[in-house]
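Notes follow once the structure below has been shown.
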Amino acid sequence: MKINDYYYDSANISLNESIAALIPASMIIIGNLSFFKSQEFMLWTIPFITYSFISFHFYLFRMKQSILSAKNMTNDKNEGYHHSLFTTRHLLLCYMNTPSPSLLLYFTDGNLAGRISKYRRKGLNGLRPSKMFALYNSKDEAMGFFEIKGKKTIKIGVFDKERTFLGCLEKKKLSWRKNKKELLDVAGSYIGAVEGSAVFMDEQVLNSEDMQEGRLRRGWMPIEWGLRFPEPNTPVLSFKGTLSERDKLLRMSFLINEFFIER
């Protein structure tokens, strides 16, 4: 799956929403013409028609992005050259807002690097509500797991693909607007924190010495990436190249909080 496929799928979601909004509007019109025959009653169609109109134009916008992105990827001489999910320095994130939402991770060349989505256990365990998410690579192989526990103090436990516990992200609510997010190792010792802006997306992953190890920013993208990602506000996730696979996996736990809890 390439980035143009994401824009195409997003366009189809908007088109379906546009068509769905016309159904209640049509029922109101038919019912009014058949029974009430009141001009005031027709006002109830305005919200549905407005939503359908907006969704349809968003469909056209996403289709334009899909066509433009596909064209630029075809002309890109570096297409197909990318690292693995854990060795690359930068990933671009796209949130797929569906009944079963996913966070899609892309290499800078527009190819899919992986995804984060809810993990469904096999057998009877799969019938119980799950608070576990999995990180999959481009081959749909599970590379790590994140389990959410707690309510007031939320802990996001991190496990590698062998289900070995690596540590957790602990989120404590200090006030109605402020939270404290700390990274803890296997023994529960402090190894870093996640700090960000309350106004715009700019999350920084810091180590125990307050040195930046990773960053998630929206609205920052080199011009050459914009040829394949025509949405300028696509979030960019960056990590230091010195982090190990396990270190990156542990620090990626803040994505669960950012996109699946706070969102």
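Just so it is clear, none of the values below were taken in a lab; they were calculated from the coordinates. Given the structure is predicted, the values throughout are model-derived calculations rather than measurements. Because the Cβ atoms are built from the backbone with ideal geometry, glycine has one as well, and the counts that use them run over all protein chains shown.
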Taking H placed 1.01 Å from N in the peptide plane, check which residues at least 5 places from Ala113 or on another chain put their amide H under 5 Å from its amide H.
Leu105, Tyr106, Phe107
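Taking the Cβ of Phe133 as the center, what net charge do the other residues with Cβ under 11 Å away carry, scoring Lys and Arg +1 and Asp and Glu -1? Working shown, then result.
Numbers: positive: Arg115, Lys118, Arg120, Lys131; negative: Glu147.
Net of charged neighbours comes to +3.
Do you know the relative contact order of segment 178-229, to the nearest whole percent, from alpha carbon pairs under 8 angstrom that are 6+ apart?
Values: 68 pairs, mean separation 11.3, N = 52.
Result for segment 178-229 is 22 percent.
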Alpha-carbon Rg/Rh ratio, for the chain, with Rh computed the Kirkwood way:
1.05
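By average Cβ neighbour count within 10 Å, what is the ranking of 178-190, 244-256 from highest down? Show your work: numbers first, answer last.
Numbers: 178-190: 14.1, 244-256: 21.5.
So the peptides 178-190, 244-256, ranked by packing, come out 244-256, 178-190.
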In the calculated pair distance distribution of segment 207-247, what percentage of Cα-Cα distances lie above 12 Å?
65 percent
Per-residue ³J(HN,Hα) for segment 148-162, Karplus 6.51 cos²θ - 1.76 cosθ + 1.60, θ = phi - 60°, Hz, x for Gly and Pro:
9, 9, x, 10, 5, 9, 8, 10, 10, x, 10, 10, 7, 5, 8
Longer than 27 Å from Cα to Cα, which of Lys139/Lys240; Lys118/Lys173; Lys131/Lys181; Lys180/Lys240; Lys64/Lys248 are they? Say none if no pair is.
Lys64/Lys248
Would you grab the residues whose amide H sits under 5 Å from the one on Gly192? Only those 5+ places off in sequence or on another chain, please, with H modelled 1.01 Å from N.
Leu183
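Percent relative contact order of segment 207-260, based on C-alpha pairs within less than 8 angstrom and at least six residues apart?
Working: 35 pairs, mean separation 17.7, N = 54.
Relative contact order, segment 207-260: 33 percent.
If you filter segment 137-168 for GluC sites (Glu not before Pro), then keep DSSP loop positions with at most 14 other Cβ within 10 Å, what is left? Please list the in-between numbers first.
On the way: sites: Glu141, Glu147, Glu162; in loops: Glu141, Glu162.
In loop regions of segment 137-168 (DSSP not H, G, I, E or B), the sparsely surrounded GluC sites (Glu not before Pro) are Glu141, Glu162.
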Using θ = phi - 60° and the Karplus form 6.51 cos²θ - 1.76 cosθ + 1.60, what ³J(HN,Hα) does each residue of segment 131-141 get, whole Hz, x for Gly and Pro?
10, 10, 10, 10, 9, 10, 8, 5, 8, 6, 9
Calc'd 3J(HN,Hα), segment 10-19, phi into Karplus 6.51 cos²θ - 1.76 cosθ + 1.60 (θ = phi - 60°), Hz, glycine/Pro = x, comes to 5, 5, 5, 4, 5, 5, 5, 5, 5, 5
Place a +1 charge on the Cβ of each Lys and Arg in segment 119-250 and a -1 charge on the Cβ of each Asp and Glu, then give the dipole magnitude about the Cα centre in debye, rounded to the nearest 20.
920 debye
Which whole-number percent is the relative contact order of segment 112-224 (Cα, under 8 Å, 6+ apart)?
11 percent
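Mind giving me the FRET efficiency for Phe165 and Met211? R0 is 30 Å, r the Cβ-Cβ distance, nearest 0.05 is fine. Walk me through the intermediate numbers first.
Numbers: r = 25 Å, r/R0 = 0.83.
Efficiency, rounded to the nearest 0.05: 0.75.
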